[in-house]
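Chemist: First the structure, which I've put down as structure tokens, then a few questions once you've had a look.
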Amino acid sequence: MRNRLSNRLPATARAMLPSLLAVALAACAVGPNHVRPELPLADGFVQAQVSDPSALPAPDATFWQDFADPQLDALVDDALVANHDLRIALASYDRANALLRGAGFDRFPTVTAFAEAADSRASADELPGVPRADRDGERYRAGIEASWELDLFGRVRRGVEAARAGAAASAADLAALQVAIVGEVVRGYVELRGAQERLRVAQANADNQRETLRLVEVRFESGRGTGFDTARARAQLESTLARVPALQAEVAAGMHRLAVLTGRTPDALVAELQPVRPLPTLPPRLDAGSPGDLLRRRPDIAAAEQRLHAATARIGVATADLFPRFTLGGLLGSQAIDSSALFERDSETRLVALGIDWSFLDIGRVRARIAAADAEAAGELARYEQTVLLALEDTENALVRYARTREEDTHLTSAAEDSARAAQLARTRFEAGAADLFEVLDAERTQLQAQDALADARTRSVTGAVALYRALAGGWPQRLPARERVADRD
């Protein structure tokens with residue numbers, strides 16, 4: 001059909017068509033091209049304390065596997081597949097890709113087929129003096145139409161470029177959410193184990209204080225103690241027991257949070273997570289790399305850059321409206337008043353048309369749209385720069401907090417050991433009559449505070465390492481969550 005159509009084109013149209021096609025292929029896209037913004041960056045992080053980076057774990061390791069905790073590994077895997085926030089982000093990613101595919105078709109001709117069969121009757125007023133039977137008529141039409149915008153000034157190409165950048169931004173959003181969800185799962189698991197450890201400390205100290213109360217009561221019954229001593233010992237025991245319900249609630253809330261993060265109902269993991277496990281441990285130091293490495297790794301920075309790219313491309317889309325829009329159209333069909341003659345030679349119809357659409361008198365609106373696109377790009381540039389600064393701040397904060405919690409952990413370990421030894425000595429001296437009850441109660445109170453503070457510090461130390469890995473955005477598997485609802489799991 002293509003050869004048949006070209007042979008029947010007027011000579012001027014045939015002469016013009018190759019030129020138009022050559023211009024369309026060689027035309028430039030108006031508007032600015034995207035260039036990654038150059039930002040002044042330091043060679044390293046201020047708070048990084050790394051003497052030999054080659055000997056330290058890199059941020060691209062799947063760090064939670066270093067905990068050697070199969071239960072944590074399973075929770076992370078489940079969250080990456082079934083977390084509902086991730087599935088929402090995946091739907092947005094699929095939508096952006098669908099819009100990109102749709103925008104890509106704008107680069108090609110739109111071809112449609114049509115057919116029509118009509119039976120009509122004209123009124124006597126339309127055809128005065130014509131008999132009724134002669135006012136009846138039939139019409140049959142069929143054909144193929146094609147329409148193609150000659151993208152001389154890049155309006156379509158810039159639109160496709162913006163859609164492609166939007167899809168890339170959506171993919172980076174999904175990766176950034178994976179970072180956030182995995183980090184939240186690991187942190188939630190660590191905090192759960194930390195709360196269980198603090199609960200164990202409280203219950204163990206309550207047992208010791210209960211034994212102290214028993215000794216005081218025995219001394220009181222034998223006439224060697226006072227009711228005041230008994231009341232003080234009982235008050236300290238009750239104060240310690242008062243810690244238990246709040247810690248039990250914290251443990252339960254942690255289990256509920258992990259269940260929801262993995263796409264389950266809040267009660268689904270209670271039996272599985274109830275057994276106490278020790279806190280995970282991490283290497284003493286981590287290789288933070290350089291700020292330049294951070295810019296290449298962080299998906300939120302990649303998303304911000306792609307949105308800047310899309311906004312820059314939309315300036316070109318708006319600018320193209322300053323220039324005429326050329327459309328090449330064609331039709332090849334057949335029309336007859338009898339169905340048997342529809343595809344005969346004399347029923348053939350054809351059309352080749354070059355359309356020009358140029359709203360040159362509407363330049364004020366076009367300029368306004370260009371100004372709006374410029375403002376959008378300026379905003380996205382500022383958003384990109386802010387994202388970079390926040391990422392650097394996040395990493396510096398994570399580095400210093402992790403380092404300081406490690407120091408705190410060292411001091412509190414010694415404090416907990418010494419307070420436990422002091423409490424044992426005070427109890428021994430009390431039983432031997434060499435110390436009064438106040439020394440015992442004070443030592444036990446100090447022991448509880450030191451051991452609780454140590455458990456809390458160790459929890460914050462591990463969560464600080466998790467926050468650092470999350471800030472560095474390393475080791476996050478690019479696995480897609482399930483697109484359909486995940487079946488109920490055991």
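The values are calculated or read from the model by the stated rules, or taken from the named source; none is laboratory data. Note that the structure is predicted; figures quoted are calculated from it, not measured. All Cβ positions, even for glycine, are placed from backbone atoms using ideal geometry, and neighbour counts span all protein chains on display. Remember, those area values only see protein heavy atoms, side chains included, never the ligands or the DNA or RNA. Shrake-Rupley method; radii C 1.70, N 1.55, O 1.52, S 1.80 Å.
Chemist: Among the numbered conditions (1) open to solvent by 40 Å² or more (accessible area, probe 1.4 Å); (2) in contact (Cβ under 8 Å) with a residue 12 or more places away in the chain, tell me where Asp207 comes up short.
Modeler: The number of the failed condition is (2).
Chemist: Looking at (1) open to solvent by 30 Å² or more (accessible area, probe 1.4 Å); (2) at pLDDT 90 or above, find the lone condition where Ala79 falls short.
Modeler: Going through the list (1) open to solvent by 30 Å² or more (accessible area, probe 1.4 Å); (2) at pLDDT 90 or above, Ala79 breaks only (1).
Chemist: Can we say Phe343 is part of a loop (DSSP other than H, G, I, E, B) and on the phi < 0 side of the Ramachandran plot? Please lay out each step first, then the result.
Modeler: Numbers: part of a loop (DSSP other than H, G, I, E, B): yes; on the phi < 0 side of the Ramachandran plot: yes.
So Phe343 passes the test.
Chemist: Follow-up question, since we're still on this one. Mind listing whichever residues of the stretch 100-140 are over 60 Å from the mean Cα position of the chain (by Cα), open to solvent by 90 Å² or more (accessible area, probe 1.4 Å) and touching a residue at least 12 places away in the same chain (Cβ under 8 Å)?
Modeler: Arg121
Conditions (1) in a helix (DSSP H, G or I); (2) under 14 Å from Leu437 (Cα atoms); (3) in contact with a Gly (Cβ under 9 Å, 6 or more places away or on another chain); (4) among the acidic types (Asp, Glu), marked per residue:
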| position | (1), (2), (3), (4) |
| --- | --- |
| Glu211 | yes, yes, no, yes |
| Phe220 | yes, yes, yes, no |
| Gly225 | no, yes, no, no |
| Pro245 | yes, no, no, no |
| Gln248 | yes, no, no, no |
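Chemist: Still on this structure: Could you please give the count of residues in the stretch 44-76 that are modelled with pLDDT of 90 or more and either surrounded by 19 or more Cβ atoms within 10 Å (Cβ to Cβ) or part of a loop (DSSP other than H, G, I, E, B) (or both)?
Modeler: So the count comes out to 3.
Chemist: Right, something else. If I ask for residues that are surrounded by fewer than 15 Cβ atoms within 10 Å (Cβ to Cβ) and either touching a residue at least 12 places away in the same chain (Cβ under 8 Å) or farther than 20 Å from Ala113 by Cα (or both), which ones from the stretch 328-340 would you list?
Modeler: First, pick out the residues of the stretch 328-340 that are surrounded by fewer than 15 Cβ atoms within 10 Å (Cβ to Cβ): 337-340.
Selection gives Ile337, Asp338, Ser339.
Chemist: Would a scan of the stretch 156-171 turn up a residue that is touching a helix residue (DSSP H, G or I) at 6+ places or on another chain (Cβ under 9 Å) and either among the aromatic types (Phe, Trp, Tyr) or modelled with pLDDT under 90 (or both)? Full working, then the answer.
Modeler: Step one: filter the stretch 156-171 for residues touching a helix residue (DSSP H, G or I) at 6+ places or on another chain (Cβ under 9 Å), giving 156-171.
Applying the additional criterion that residues be either among the aromatic types (Phe, Trp, Tyr) or modelled with pLDDT under 90 (or both) yields none.
No; the residues of the stretch 156-171 include none that is touching a helix residue (DSSP H, G or I) at 6+ places or on another chain (Cβ under 9 Å) and either among the aromatic types (Phe, Trp, Tyr) or modelled with pLDDT under 90 (or both).
Chemist: Being open to solvent by 50 Å² or more (accessible area, probe 1.4 Å), more than 16 Å from Gly188 (Cα to Cα) and not basic (Lys, Arg) is the filter here, so list the residues in the stretch 235-264 that pass it.
Modeler: Of the residues in the stretch 235-264, the ones open to solvent by 50 Å² or more (accessible area, probe 1.4 Å) are 235, 238-239, 241-243, 245-246, 248-250, 253, 256-257, 260.
Filter once more, keeping what is more than 16 Å from Gly188 (Cα to Cα): 235, 238-239, 241-243, 245-246.
Selection gives Ala235, Glu238, Ser239, Leu241, Ala242, Pro245, Ala246.
Chemist: I need a count of the residues in the stretch 346-367 that are part of a strand (DSSP E or B) and small (Gly, Ala, Ser).
Modeler: Within the stretch 346-367, residues that are part of a strand (DSSP E or B) and small (Gly, Ala, Ser) number 2.
Chemist: Please verify whether the stretch 271-284 includes one or more residues that are in a strand (DSSP E or B), among the acidic types (Asp, Glu), modelled with pLDDT of 80 or more and surrounded by fewer than 20 Cβ atoms within 10 Å (Cβ to Cβ).
Modeler: Taking the stretch 271-284 and keeping what is in a strand (DSSP E or B), we get none.
No, because not a single residue in the stretch 271-284 is in a strand (DSSP E or B), among the acidic types (Asp, Glu), modelled with pLDDT of 80 or more and surrounded by fewer than 20 Cβ atoms within 10 Å (Cβ to Cβ).
Chemist: In the stretch 146-200, what residues are of a type in the set (D, E, K, R), over 20 Å from the mean Cα position of the chain (by Cα) and under 25 Å from Ala455 (Cα atoms)?
Modeler: Looking only at the stretch 146-200, we keep the residues that are of a type in the set (D, E, K, R), and these are 149, 151, 155, 157-158, 161, 164, 173, 184, 187, 191, 193, 197-198, 200.
Now restrict to residues that are over 20 Å from the mean Cα position of the chain (by Cα): 149, 151, 155, 157-158, 161, 191, 193, 197-198, 200.
Within the stretch 146-200, Glu191, Arg193, Glu197, Arg198, Arg200 meet the criteria.
Chemist: Scan Ala124, Ala146, Ala172 and give me the residue that is assigned to a helix (DSSP H, G or I) and more than 21 Å from Ser340 (Cβ to Cβ). Reasoning before the result, please.
Modeler: Numbers: Ala124 fails: assigned to a helix (DSSP H, G or I); Ala146 fails: assigned to a helix (DSSP H, G or I).
Of the residues listed, the single one that is assigned to a helix (DSSP H, G or I) and more than 21 Å from Ser340 (Cβ to Cβ) is Ala172.
Chemist: Now, a different point. All but one of (1) in contact with a Gly (Cβ under 8 Å, 6 or more places away or on another chain); (2) open to solvent by 30 Å² or more (accessible area, probe 1.4 Å) hold for Asp362; state the number of the condition that does not hold.
Modeler: If we test Asp362 against (1) in contact with a Gly (Cβ under 8 Å, 6 or more places away or on another chain); (2) open to solvent by 30 Å² or more (accessible area, probe 1.4 Å), just (1) comes out false.
Chemist: Residue check: is Val317 of a type in the set (Val, Ile, Thr), open to solvent by less than 70 Å² (accessible area, probe 1.4 Å) and out of contact with any Ser or Thr (no Cβ under 8 Å at 6 or more places or on another chain)? If you could, list the steps in order and put the result at the bottom.
Modeler: Working: of a type in the set (Val, Ile, Thr): yes; open to solvent by less than 70 Å² (accessible area, probe 1.4 Å): yes; out of contact with any Ser or Thr (no Cβ under 8 Å at 6 or more places or on another chain): yes.
Yes, satisfied.
Chemist: Next up: Can Thr405 be described as in contact with a helix residue (DSSP H, G or I) (Cβ under 8 Å, 6 or more places away or on another chain), modelled with pLDDT of 85 or more, of a type in the set (Ser, Thr, Tyr) and closer than 30 Å to His309 by Cα? Steps first, please.
Modeler: Details: in contact with a helix residue (DSSP H, G or I) (Cβ under 8 Å, 6 or more places away or on another chain): yes; modelled with pLDDT of 85 or more: yes; of a type in the set (Ser, Thr, Tyr): yes; closer than 30 Å to His309 by Cα: no.
In short, no.
Chemist: Filtering the stretch 288-338 down to residues that are of a type in the set (Ser, Thr, Tyr) and not in a loop (DSSP other than H, G, I, E, B), which residue is nearest to Glu149 (Cα to Cα)? Give the steps one after another, and end with the answer.
Modeler: Taking the stretch 288-338 first, the residues of a type in the set (Ser, Thr, Tyr) are 290, 312, 319, 327, 334.
From what's left, not in a loop (DSSP other than H, G, I, E, B): 312, 319, 327, 334.
Details: Thr312: 22, Thr319: 16, Thr327: 4, Ser334: 25 Å.
Filtering first and then ranking leaves Thr327.
Chemist: Given the criterion crowded, with 18+ Cβ neighbours inside 10 Å and in contact with a strand residue (DSSP E or B) (Cβ under 6 Å, 6 or more places away or on another chain), identify the matching residue among Glu161, Glu149. Spell out how you get there, then give the answer.
Modeler: Details: Glu161 fails: in contact with a strand residue (DSSP E or B) (Cβ under 6 Å, 6 or more places away or on another chain).
Just a single option satisfies the conditions, and that option is Glu149.
Chemist: Identify, from the list Thr459, Thr463, Thr446, the residue that is surrounded by fewer than 20 Cβ atoms within 10 Å (Cβ to Cβ), part of a helix (DSSP H, G or I) and not basic (Lys, Arg). Before the answer, list the steps.
Modeler: Values: Thr459 fails: surrounded by fewer than 20 Cβ atoms within 10 Å (Cβ to Cβ); Thr463 fails: surrounded by fewer than 20 Cβ atoms within 10 Å (Cβ to Cβ).
Exactly one residue qualifies, and that residue is Thr446.
Chemist: Let me ask something else. Go over the candidates Glu396, Glu380, Glu407, Glu376 one by one and state the one that is in contact (Cβ under 8 Å) with a residue 40 or more places away in the chain, of a type in the set (D, E, K, R), out of contact with any His (no Cβ under 6 Å at 6 or more places or on another chain) and surrounded by fewer than 18 Cβ atoms within 10 Å (Cβ to Cβ). Break it down into steps so the answer makes sense when it comes.
Modeler: On the way: Glu380 fails: surrounded by fewer than 18 Cβ atoms within 10 Å (Cβ to Cβ); Glu407 fails: in contact (Cβ under 8 Å) with a residue 40 or more places away in the chain; Glu376 fails: surrounded by fewer than 18 Cβ atoms within 10 Å (Cβ to Cβ).
Unique residue meeting the criteria: Glu396.
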